[in-house]
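Accompanying notes for the structure given below.
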Amino acid sequence: MDKLIKKAAQDLALAKNVVALTGAGISVESGIPPFRGKGGLWEKIDPMEYAHINSFMKDPVTVWNVLLKDMKEIIDKAVPNKAHKGLARLEELKKLTTIITQNVDGLHQLAGNSDVIEFHGNFVWQRCMKCNSRCKTSEVDLSCIPPKCTCGGIYRPDCVFFGEMIDPDHLVRSRQAASACDIMLVIGTSVIVEPAAYMPVIAKENGAKIIEINPEKTPLTNSISDYIVMGTAGHTLQNIVNQLEILIES
Ligand SMILES: [Zn+2]
């Protein structure tokens with residue numbers, strides 16, 4: 001048994017209010033490729049050309065064809081992996097209170113977590129740009145591109161495009177959660193994108209322990225993080241939660 005997995009389980013056993021900050025790395029094992037970094041989607045297509053709100057307003061057909069159609073296909077069939085399930089179990093065990101995520105795939109809610117702050121909104125819902133009514137992305141009819149609401153308005157995903165603001169309400173709630181937790185788990189993210197990058201700092205300043213679960217070191221490692229458990233999110237989290245359950249039972 002990895003010493004750090006044991007240590008993380010011991011720390012979680014003592015914790016009362018755990019907050020998780022998650023990024024693309026937690027959903028890779030669900031078949032969702034990351035946007036940033038090596039092999040990421042933004043290496044293949046230019047986000048400023050296809051994921052900017054101005055591009056969508058100007059030419060929704062192209063943005064749907066180049067980006068959104070593929071995203072729908074990938075996210076429609078994605079299911080929670082061992083890491084999402086581990087976090088859901090941590091909530092059942094009355095440890096985890098809130099998840100702050102940079103992901104738009106809705107997999108944390110699907111796994112069973114109840115308080116999920118989605119910084120970038122989500123791709124699970126589409127919103128009509130004319131009447132504002134919503135429709136599940138999985139139920140949107142793509143036989144006509146761009147897909148349209150019964151009122152004739154164009155559907156757009158409920159997530160944040162480049163050039164759009166993050167919901168200020170999400171920021172306020174994230175800051176509150178970060179400042180109130182006693183452990184922050186940073187999972188599958190190198191946290192270089194603001195405002196997510198501030199959350200571990202806020203947690204640390206308020207006395208929380210920061211535990212990273214990442215396959216490799218990040219800018220947080222050896223600075224903000226207390227320690228890093230290196231590995232893939234699913235395997236590592238499953239081991240930590242198993243170990244925690246043994247500690248709780250004994
Ligand atoms: Zn409509």
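Counting only residues that are more than 16 Å from the ligand (Cβ to nearest atom) and among the small types (Gly, Ala, Ser), how many does the range 136-163 have?
Selection size over the range 136-163: 3.
Examine the range 112-135 for a residue that is hydroxyl-bearing (Ser, Thr, Tyr), within 16 Å of the ligand (Cβ to nearest atom) and open to solvent by 20 Å² or more (accessible area, probe 1.4 Å), and state whether such a residue exists. Talk me through it step by step, then tell me what you get.
Going residue by residue through the range 112-135, those that are hydroxyl-bearing (Ser, Thr, Tyr) are 114, 133.
Subsequent filtering for residues that are within 16 Å of the ligand (Cβ to nearest atom) retains 133.
This time we only want the ones that are open to solvent by 20 Å² or more (accessible area, probe 1.4 Å), so: 133.
Yes; the residues of the range 112-135 include at least one that is hydroxyl-bearing (Ser, Thr, Tyr), within 16 Å of the ligand (Cβ to nearest atom) and open to solvent by 20 Å² or more (accessible area, probe 1.4 Å).
Looking at 203, 197 in this structure, which one is touching a Cys at 6+ places or on another chain (Cβ under 6 Å) and more than 16 Å from the ligand (Cβ to nearest atom)?
Being touching a Cys at 6+ places or on another chain (Cβ under 6 Å) and more than 16 Å from the ligand (Cβ to nearest atom) holds for just one of 203, 197, which is 203.
State all residues of the range 206-250 that are in contact (Cβ under 8 Å) with a residue 24 or more places away in the chain and among the basic types (Lys, Arg); if no residue qualifies, say none.
209, the sole residue that qualifies.
Could you run through the range 103-126 and say how many residues are more than 15 Å from residue 157 (Cβ to Cβ) and either under 12 Å from the mean Cα position of the chain (by Cα) or part of a loop (DSSP other than H, G, I, E, B) (or both)?
So in the range 103-126, the residues more than 15 Å from residue 157 (Cβ to Cβ) come out as 107-117.
Imposing the further condition that a residue be either under 12 Å from the mean Cα position of the chain (by Cα) or part of a loop (DSSP other than H, G, I, E, B) (or both) reduces the set to 107-109, 112-117.
Here the count works out to 9.
So which residues in the range 187-213 are of a type outside the set (Val, Ile, Thr) and either at pLDDT below 95 or on the phi > 0 side of the Ramachandran plot (or both)?
Selection gives 188, 190, 194, 195, 196, 197, 198, 207.
When both residues are 6+ apart or on different chains and their Cβ atoms are under 6 Å apart, which pairs have a first residue that lies in the range 130-143 and is more than 12 Å from residue 156 (Cα to Cα), and a second that is away from the ligand (no atom under 12 Å from the Cβ) and assigned to a helix (DSSP H, G or I)?
So the pair list comes out as 138/76.
So, residue 86, is that one in a helix (DSSP H, G or I) and small (Gly, Ala, Ser) or not?
yes
Give the residues of the range 31-49 that are over 24 Å from residue 234 (Cβ atoms), open to solvent by less than 50 Å² (accessible area, probe 1.4 Å) and assigned to a helix (DSSP H, G or I), sorted by residue number.
Passing the criteria: only 47.
Might you check whether a residue that is more than 22 Å from residue 30 (Cβ to Cβ), of a type in the set (S, T, N, Q) and open to solvent by less than 10 Å² (accessible area, probe 1.4 Å) occurs anywhere in the range 186-206?
No, the range 186-206 has no match at all.
The values are calculated or read from the model by the stated rules, or taken from the named source; none is laboratory data. This is a predicted model, so every value here is computed, not measured. We place every Cβ from the backbone using ideal geometry, glycine too, and count neighbours over all the protein chains shown. Please note that ligands, DNA and RNA were not included when accessible areas were found on the heavy atoms of the full protein model with its side chains. Shrake-Rupley method; radii C 1.70, N 1.55, O 1.52, S 1.80 Å.
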